[in-house]
Structures are given as C-alpha cells and as structure tokens.
Amino acid sequence: MPETPDAPRGGVPEFRGAGRSLEVLRAEAHDELSALIELRCRGGEDPWDVIPGLPTVDEQVVISLRAAARGVDGVPIGGGRGPGDELHFLRTVALWHPELSTAVWSLMGRIDAASR
C-alpha cells in the first residue's frame, strides 16, 4: 500500500507526508520548534533572541516535508536542485495542503531573494 494517496488534482506528484493530517504535521513541527528553543536556551541564548529567528509552525511543517522528500535528514537523494526545483516543490506542498499556502509563499520569497 502506498504511503500517500492518489494525487488530488491529477499530475500532482506524491511525496512523503503529502497524505498526512495537517494537525499531525503541525503538532510534530511544534514539538521540533519547542525542542530547538529549549536546546538553544540551555546553551545560554536568551529566548527573546532565539524565538524571532525561528520559522513559524507552518513554515516548519513545509521545511520538514521538504527534508522528508529530499532524503534522510534533508540530504538530497539526487543531484543539484536549483531554485526552480525548490519553487516547484513548494507549489506542490501548497497543492497538497492549501492551508500552508501562506508559509509556502513566505519560503518562496526567501528562496527568490537568496537566488538573486
């Protein structure tokens, strides 16, 4: 049995996590961010300095989906992926989880700005 359901709009590629509940993905992202905050604060950083630099929960969901799709621990399975491939993947995430569109647009803007 495949890990993800059939593509909802025909031609939308499958990726690990695409068929998972958004509530579960958000809970996992919240846990990851909480652990990161605790780790950095235990390392002596001030929470007021740490928290503003972190992604939102929805952005962390998108980042985690990207890492899962790219391979173990975010290490790419295939060769060089350029900004175009990353933007295409982010659009795919927005198709699977429309509720994440705001986070996807935010990350797309960062990729676009970094590629200039």
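The values are calculated or read from the model by the stated rules, or taken from the named source; none is laboratory data. Worth saying up front: this structure is predicted, and the values here are computed from it rather than measured. Methodologically, a virtual Cβ is constructed for each residue, glycine included, from the backbone with ideal geometry; neighbour enumeration extends over all protein chains shown.
Condition check for residue 31 on (1) more than 14 Å from residue 104 (Cβ to Cβ); (2) at pLDDT below 95: one failure, at (2).
Among the residues making up segment 82-113, those that are within 15 Å of residue 69 (Cα to Cα) and either basic (Lys, Arg) or touching a Ser or Thr at 6+ places or on another chain (Cβ under 6 Å) (or both) are 91, 94. Among the residues of segment 1-17, just one is modelled with pLDDT of 55 or more and touching a Pro at 6+ places or on another chain (Cβ under 8 Å), namely 14.
The rows are residues; the columns are (1) assigned to a helix (DSSP H, G or I); (2) modelled with pLDDT under 90.
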| residue | (1), (2) |
| --- | --- |
| 65 | yes, yes |
| 76 | no, yes |
| 86 | yes, yes |
| 89 | yes, yes |
| 104 | yes, no |
| 112 | yes, yes |
